[in-house]
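These notes are about the structure you will find just below.
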Amino acid sequence: MKLLMIYCKTFGYTPTIKTLDNFEDHNEAKSFENVLVAFIQGEAEDEEKVIAKLEKTLVKNLKWGAKKNETKDVILHSFAHLSESKASPEFTKKVFDLAQARLENADYITSQTPFGYFLDLQVDAPGVSQARMFKSI
């Protein structure tokens, strides 16, 4: 799993093109302030791992990134451009759902961008080192 975390003063999205028919329909634009946006790519080899352990490691990294940027708001965004290896969309979505539940149980405000869509993104990220972090999980 690859994880690119970007702290954003403001982050927004508008769904444009649905690419995966078997996921929910979305057409509403949304915006957020002072949020850690997690660009996440599940990789094929992740599907061989214990999903609970993978999700726990992901959440640990997200909490660390959020703490570094003094926020409790986290956005999970599927971003299949961090590696040539890709997990199935169904597996990646399951990891997202488990991670969201764990984060919310720890009092984080957590959202997911629409899964299976290309999105217009609005990203306003400050130019400081802790605003951009990359991890291989």
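The values are calculated or read from the model by the stated rules, or taken from the named source; none is laboratory data. Here the structure is a predicted model, which means the values were calculated and not measured. A quick note on method: Cβ atoms are made from the backbone with ideal geometry, for glycine too, and the neighbour counts reach across all protein chains shown.
General observations
- Selection status of residue 22, out of contact with any strand residue (DSSP E or B) (no Cβ under 8 Å at 6 or more places or on another chain), in a loop (DSSP other than H, G, I, E, B) and of a type outside the set (Asp, Glu): yes
- Any chance residue 56 is under 16 Å from residue 103 (Cα atoms) and out of contact with any His (no Cβ under 7 Å at 6 or more places or on another chain): yes
- Looking at 114, 126, just one residue is of a type outside the set (Lys, Arg) and in contact with a Pro (Cβ under 6 Å, 6 or more places away or on another chain), and that residue is 114.
- Taking segment 53-135 and the strands (runs of 3 or more DSSP E) fully enclosed by it, the elements with 2 or more residues that are touching a strand residue (DSSP E or B) at 6+ places or on another chain (Cβ under 8 Å), free of Cβ contacts under 8 Å to residues at least 60 places away in the same chain and surrounded by fewer than 18 Cβ atoms within 10 Å (Cβ to Cβ) are at 109-112.
- The single condition from (1) of a type in the set (A, V, I, L, M, F, W, C); (2) surrounded by fewer than 20 Cβ atoms within 10 Å (Cβ to Cβ); (3) at pLDDT 95 or above; (4) under 14 Å from the mean Cα position of the chain (by Cα) that residue 29 fails is (4).
- From 36, 54, 58, residue being in contact with a Phe, Trp or Tyr (Cβ under 7 Å, 6 or more places away or on another chain) and either over 14 Å from residue 122 (Cβ atoms) or not basic (Lys, Arg) (or both): 36
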